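Visitor: This is the structure I want to talk about, given as structure tokens.
The values are calculated or read from the model by the stated rules, or taken from the named source; none is laboratory data. Just so you know, these numbers come straight off a predicted model, no measurement behind them. Here Cβ is always computed from backbone atoms with ideal geometry, including for glycine, and neighbour counts include all displayed protein chains. Only protein heavy atoms, including side chains, enter the accessible area calculation; ligands, DNA and RNA are left aside. Shrake-Rupley method; radii C 1.70, N 1.55, O 1.52, S 1.80 Å.
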Number of protein chains: 4
Amino acid sequence: MQVFSVAVAGASGYAGGEILRLLLAHPQVRIGALTAGSSTGSRLGDLQPHLAPLADVVLQETTPPVLAGHDVVFLALPHGTSAAVAEQLPDTVVIDAGADFRLTDAAAWEQFYGSPHAGSWPYGLPELPTGPDTQQRAALQGARRIAVPGCYPTGTSLALAPAFAAGLVAPRDVVIVAASGTSGAGKSLKPHLLGAEVMGSMSPYGVGGVHRHTPEIEQNLSLAAGQPVSVSFTPTLAPMPRGILATCSAPLADGVGLAQVREVYEKAYGSEAFVHLLPEGQWPTSGAVLGSNNVQLQVAVDDRVGRLVVISAIDNLTKGTAGGAVQSMNLALGLEETLGLPTTGVAP
Amino acid sequence: MQVFSVAVAGASGYAGGEILRLLLAHPQVRIGALTAGSSTGSRLGDLQPHLAPLADVVLQETTPPVLAGHDVVFLALPHGTSAAVAEQLPDTVVIDAGADFRLTDAAAWEQFYGSPHAGSWPYGLPELPTGPDTQQRAALQGARRIAVPGCYPTGTSLALAPAFAAGLVAPRDVVIVAASGTSGAGKSLKPHLLGAEVMGSMSPYGVGGVHRHTPEIEQNLSLAAGQPVSVSFTPTLAPMPRGILATCSAPLADGVGLAQVREVYEKAYGSEAFVHLLPEGQWPTSGAVLGSNNVQLQVAVDDRVGRLVVISAIDNLTKGTAGGAVQSMNLALGLEETLGLPTTGVAP
Amino acid sequence: MQVFSVAVAGASGYAGGEILRLLLAHPQVRIGALTAGSSTGSRLGDLQPHLAPLADVVLQETTPPVLAGHDVVFLALPHGTSAAVAEQLPDTVVIDAGADFRLTDAAAWEQFYGSPHAGSWPYGLPELPTGPDTQQRAALQGARRIAVPGCYPTGTSLALAPAFAAGLVAPRDVVIVAASGTSGAGKSLKPHLLGAEVMGSMSPYGVGGVHRHTPEIEQNLSLAAGQPVSVSFTPTLAPMPRGILATCSAPLADGVGLAQVREVYEKAYGSEAFVHLLPEGQWPTSGAVLGSNNVQLQVAVDDRVGRLVVISAIDNLTKGTAGGAVQSMNLALGLEETLGLPTTGVAP
Amino acid sequence: MQVFSVAVAGASGYAGGEILRLLLAHPQVRIGALTAGSSTGSRLGDLQPHLAPLADVVLQETTPPVLAGHDVVFLALPHGTSAAVAEQLPDTVVIDAGADFRLTDAAAWEQFYGSPHAGSWPYGLPELPTGPDTQQRAALQGARRIAVPGCYPTGTSLALAPAFAAGLVAPRDVVIVAASGTSGAGKSLKPHLLGAEVMGSMSPYGVGGVHRHTPEIEQNLSLAAGQPVSVSFTPTLAPMPRGILATCSAPLADGVGLAQVREVYEKAYGSEAFVHLLPEGQWPTSGAVLGSNNVQLQVAVDDRVGRLVVISAIDNLTKGTAGGAVQSMNLALGLEETLGLPTTGVAP
């Protein structure tokens, strides 16, 4: 059984920590260098006390020489820094948990990120319908560079793409409102992320189409629809550490009913290991997928207003970041896609 | 200074408890009989330990003779039971925190509640625009019967009604997604309301237009718009005891910009004591209004998709239930509308 | 009715915010200057969005000239800075929510705070038994300088002082373990206070007798006991914004039973407005006192191990800081002690 | 590689659900019958939506014939029911997550549980020091009946037993205060366990030595000490789904210092896979062990009061219940003790 050596750049943050949690349970991985920026020299146990088996590892500085020589390198770095690192790792599978290579449209990148576009890499969402009968998976098998999707785009694109790919909904007045645990905002020290502020309170941000995940969601849905799709996207912070619950809706095409919708979603995801259309009457909850790579989906047809409503639940750090990253790694390395990935949530 | 005697029927539940919390701070109220159903005979301190000044009051059974002889009676009873009680209190101001008298349309009532329509009473949301230049307040001054709005309709109707009254938005593809604290589900013992299930998890319910607050929101917006308005409404439960954050959006009429929107909302609420359009750049949070009768609002124009997005935050138990009830009582009794009502949240 | 002008120095923090929340509800107070350090020039609404009536007040710099000319000045400043400010306010009632003037023992101050002792002021805990038949209240009536107790000392001293004053317990192996909401740690930006770290987790700090509130608790209990009392004190952070639940125990003197204990506590607090010994069988919860100036107490005698266990619940920001401060102000000004102070919690 | 068939009786509750979560990740287990009481006939996915791989399994009734024929049966049943089931499974390894067989002292059982004593089985806490140089592990290797420890006894006994076994502390005035997530109270529908009651509030219960885990803790510590040890134990409910943080203290024997204490604990647990004495300066948090079988420990010597303070953190459902059960199963079956058990927490 082949074992691959893996390095993680940005091991001190939430994304890096979750990548390590999953890698520790992966049977064909040997964890190599762990690097950081300002935390260089720290003991990992001081920063990620939940990763007991790695507690005594000391973080090295994020430099190409430290990362070179591994089979796979995960990057969990600030925006704008991945390209320079990746360039110096030509023989390595590089999986970027950051945003730099997610968007194919340079203009959209520049509008939302305010910096030059670094390019685009294969998009690490294997289950995504990319048309009536195609999925994103093929683009990831054997890939040497992978851009891990954003957390919101993961949950929301999987929720709506089948409907767009099958022509069930119209590409106008698409509305997505999502609630995320606060780990989605990372470990940065901002007053509104303090526990006392967060607990007992819901708050919105990036309202009015300005959140950077907006063009990424639109890219995914447009690909599925075969025509441009715009979305009204509102993210909110919920008083929980992890999880995203997304409420996604769009106008139904004429004559589409619940049975047809369920048939389309069952066809899209019926053979997927991680994406589950729930039985009628059961609704997704973010708690049920916590810590797992699962996606829970449920659909409703609101005949009174002629709209399809799809609810999705993911763990923003697992399927929404690190799980998607490891799943993509498996595809890139030719391993079983599900290897090492949890399919049970940690509940209650 | 006149003092009014007030009874509360249903004093053991969350709505009744919050009504009592506010009445205890009201300078012109004397609290009289407190009644309950299955908790009859209990000491209030065992059920509502936060209401220290009333700890030793024993709950009486909810019967008209017990409630008679007060100036005001608040009803916080199960659906379908208010009419029989109110009939026997002809000389009393009756303020119903339940749903029985909220809807004017008997067919809508029967469709959503599955029981005969009891009728409708003046709707206790004084600030609600009911047309281009009118508000609901006038209908409440001196009223003898008042139907307190539902919690979701309070926050969401105030969010969108000004835009409809001013013709800023179109009455189609109106989408509301709201997150509520779990006190909104009451004290009923259901497995999904257990703390271990709720904490760390977001969950939807009543998806697809089936929640009973849907026709009430539509009634309010249709009144403001002067034409029928349907809404796609999805409520969710958030891991917090109190509060509602609602994300409300609708298609903008041609040529409407942010300045015009803000002008309309400032005109609608600029002289209101409890409804606050926040300065540009600041967003509502449910934590900031916790325990208060305040409503925080903010508006955004999403030009990319041509939609107005309005965010509102309320405390579901205060402005969303008990605060609205006491505010209505003040109007009914000819008192200062804001008397005894908190205008500061309990934060953090 | 006389109205007193009041300034608050440190209005941007949690203590300052809570003082303002209470002052806004106080019938004989006019709020004057609000000052800050690094937030000077900010609009209060940006920092304390729950204080709607003061949203447009601009924070001034904390300097004696700004604070002078008020009847009362509350100081909510970093340790070590109150003395210099107070010296320049000779004609003002100064109420310090910080630690500088709480300890009477200079050596204890220097040991725990590592800086020179500023002195001591009358200690703002009116209900504290200071001996078999005396209370702290008398020292506060008409006082011109008051040191507001720390939050942990408030809840724990009230829990154990009656037992020490009455000789029910021995002054050895006194153990206090308390859980506090994270607002107790203030608004400082520290990684362990991030919402994602706090939610779903309990953590201890200051273990082994090193927390700065330790000598303050000992000072209070020693005063009540008339002999030196040492305590083993362990504070913990709980995943909630507010509240302290303290479990306090000490060895029972020979022959002391529950009836005698209850009698002592009823005598100590039976006529207090804010301190409530609960009926047998009911236990304090921090949720029941949230936002109020109340203290809930319950006692148990554990005959198997010969120890008295006293549980207390307070809101760390209200009775534990701002409520104690305003209560002391009332005594200093000769007002009704309970004026403007909430006696109902905000629950659930 | 041998695969063992395993049944779980009581699969609808929190303990049963967590046992299944761990068994799903165990490489040498095949999950067989899942049984329940009132939930017989339900689809597991409706009750335990996080256990996606078992969603379509239908619960059978808990009867010996259904459970027979498996290599191992886990019992997660109400108190008092395990004996009758176990009697009819003579050839099966039976692991009881309930209390029935934990106590060796019939009088203690009857005092705390009020029913006849069923007997005692080997106690499933392998790492527990049972004397100066012995551990509980040997009693579990090859056992056919195992009593899984209670959650509080797991965390607290591991915290204090080394000190007692080494004679570092005196067996008097032992005080334990622990905070638990509310899953520890199970899925029973009680008003004080509702989310709205739990969130934002800490509450004690079983104060004064009456909690049923008290004699179990005393049994463990007495065994380690070689003499009777009584404890003052106060459990509290914290606003989190999972986790226990315990603060445990006892009077130090003369002359014992921190270095000696650390040496004793390093010797006791230095070769354990799951029990970790943290480096000096780092403190346990319940969040860091969430979902894992880990125990975090830290010790402090409080010279001012002459007491040892030990803090422990566990996940009440994992190491505190299901993890301990699976770890014991591994020993009973002669498997690697750590097989299938998570050593990383799910954080943040």
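Visitor: In segment D:53-91, which residues are β-branched (V, I, T) and touching a residue at least 40 places away in the same chain (Cβ under 8 Å)?
Guide: Of the residues in segment D:53-91, the ones β-branched (V, I, T) are D:57-58, D:62-63, D:66, D:72-73, D:81, D:85.
If the condition is that a residue be β-branched (V, I, T) and touching a residue at least 40 places away in the same chain (Cβ under 8 Å), then D:T62, D:V66, D:V72, D:V73, D:V85 are the ones that fit.
Visitor: Of all the residues that make up segment C:314-343, how many are within 11 Å of chain B (Cβ to nearest Cβ), of a type in the set (V, I, T) and surrounded by 24 or more Cβ atoms within 10 Å (Cβ to Cβ)?
Guide: Total satisfying the criteria: 1.
Visitor: Would you call D:S249 touching a residue at least 24 places away in the same chain (Cβ under 8 Å), of a type in the set (S, T, N, Q), in the same structural domain as D:V198 (by TED's automatic domain parsing) and closer than 30 Å to D:K187 by Cα? Give the derivation first.
Guide: Values: touching a residue at least 24 places away in the same chain (Cβ under 8 Å): yes; of a type in the set (S, T, N, Q): yes; in the same structural domain as D:V198 (by TED's automatic domain parsing): yes; closer than 30 Å to D:K187 by Cα: no.
Answer is no for this residue.
Visitor: For segment A:106-121, does any single residue satisfy the condition of being farther than 23 Å from A:G184 by Cα and of a type in the set (D, E, K, R)?
Guide: Scanning segment A:106-121 turns up no residue that is farther than 23 Å from A:G184 by Cα and of a type in the set (D, E, K, R).
Visitor: A further question follows. Checking the structure you have, find out if any residue of segment C:242-251 is on the phi < 0 side of the Ramachandran plot, part of a loop (DSSP other than H, G, I, E, B), basic (K, R) and surrounded by fewer than 21 Cβ atoms within 10 Å (Cβ to Cβ). Walk me through how you get there before you give the answer.
Guide: Narrowing segment C:242-251 to residues on the phi < 0 side of the Ramachandran plot: C:242, C:244-251.
If we keep only those that are part of a loop (DSSP other than H, G, I, E, B) too, we end up with C:242.
Retained after the next criterion (residues that are basic (K, R)): C:242.
This time we only want the ones that are surrounded by fewer than 21 Cβ atoms within 10 Å (Cβ to Cβ), so: none.
No, there is no match, as no residue in segment C:242-251 is on the phi < 0 side of the Ramachandran plot, part of a loop (DSSP other than H, G, I, E, B), basic (K, R) and surrounded by fewer than 21 Cβ atoms within 10 Å (Cβ to Cβ).
Every residue, every condition in (1) surrounded by fewer than 24 Cβ atoms within 10 Å (Cβ to Cβ); (2) at pLDDT 95 or above; (3) more than 12 Å from chain C (Cβ to nearest Cβ); (4) closer than 23 Å to D:Q136 by Cβ, yes or no:
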| residue | (1), (2), (3), (4) |
| --- | --- |
| D:E263 | yes, yes, yes, yes |
| D:E266 | yes, yes, yes, yes |
| D:L278 | yes, yes, no, yes |
| D:G281 | yes, yes, no, no |
| D:S286 | no, yes, no, no |
| D:N293 | no, yes, yes, yes |
| D:D302 | yes, yes, no, no |
| D:R307 | no, yes, no, no |
| D:S312 | no, yes, no, yes |
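Visitor: Suppose we keep only residues that are open to solvent by less than 10 Å² (accessible area, probe 1.4 Å) and polar (S, T, N, Q) within segment B:137-175. Which one would you say is farthest from A:R307 (Cα to Cα)?
Guide: Ranking the candidates gives B:T154 first.
Visitor: Return yes or no: is C:G13 in contact with a Lys or Arg (Cβ under 9 Å, 6 or more places away or on another chain) and within 13 Å of chain B (Cβ to nearest Cβ)? So that I can check it myself, show each step before the final result.
Guide: Working: in contact with a Lys or Arg (Cβ under 9 Å, 6 or more places away or on another chain): yes; within 13 Å of chain B (Cβ to nearest Cβ): yes.
Spelling it out, C:G13 is indeed in contact with a Lys or Arg (Cβ under 9 Å, 6 or more places away or on another chain) and within 13 Å of chain B (Cβ to nearest Cβ).
Here is a yes/no grid of residues against (1) at pLDDT 95 or above; (2) open to solvent by 20 Å² or more (accessible area, probe 1.4 Å); (3) of a type in the set (K, R); (4) under 20 Å from B:S188 (Cα atoms):
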site	(1), (2), (3), (4)
B:E18	yes, no, no, yes
B:R21	yes, yes, yes, no
B:P27	yes, yes, no, no
B:R43	yes, yes, yes, yes
B:V66	yes, yes, no, no
B:Q88	yes, yes, no, no
B:G98	yes, no, no, yes
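Visitor: Specify which of the listed residues (C:L47, C:L59) is within 14 Å of chain B (Cβ to nearest Cβ) and under 25 Å from B:A288 (Cα atoms). Outline the logic, then answer.
Guide: Numbers: C:L59 fails: within 14 Å of chain B (Cβ to nearest Cβ).
Of the residues listed, the single one that is within 14 Å of chain B (Cβ to nearest Cβ) and under 25 Å from B:A288 (Cα atoms) is C:L47.
Visitor: Let me spell it out: the conditions are (1) at positive phi; (2) within 14 Å of chain B (Cβ to nearest Cβ), and A:G142 meets all of them except one. Which number is the exception?
Guide: Among (1) at positive phi; (2) within 14 Å of chain B (Cβ to nearest Cβ), the lone unmet condition for A:G142 is (2).
Visitor: Anything in segment D:210-231 that is buried (at least 22 other Cβ atoms within 10 Å of the Cβ), facing another protein chain (nearest Cβ under 9 Å) and over 19 Å from the mean Cα position of the chain (by Cα)? List them, or say none.
Guide: none
Visitor: So which residues in segment B:186-197 are more than 7 Å from chain A (Cβ to nearest Cβ), under 13 Å from D:E197 (Cβ atoms) and out of contact with any Leu (no Cβ under 7 Å at 6 or more places or on another chain), if there are any at all? Step through it out loud before you land on a result.
Guide: Pass one, segment B:186-197, residues more than 7 Å from chain A (Cβ to nearest Cβ): B:186-195.
Applying the additional criterion that residues be under 13 Å from D:E197 (Cβ atoms) yields B:186-189, B:193-195.
Of everything in segment B:186-197, those that are more than 7 Å from chain A (Cβ to nearest Cβ), under 13 Å from D:E197 (Cβ atoms) and out of contact with any Leu (no Cβ under 7 Å at 6 or more places or on another chain) turn out to be B:G186, B:S188.
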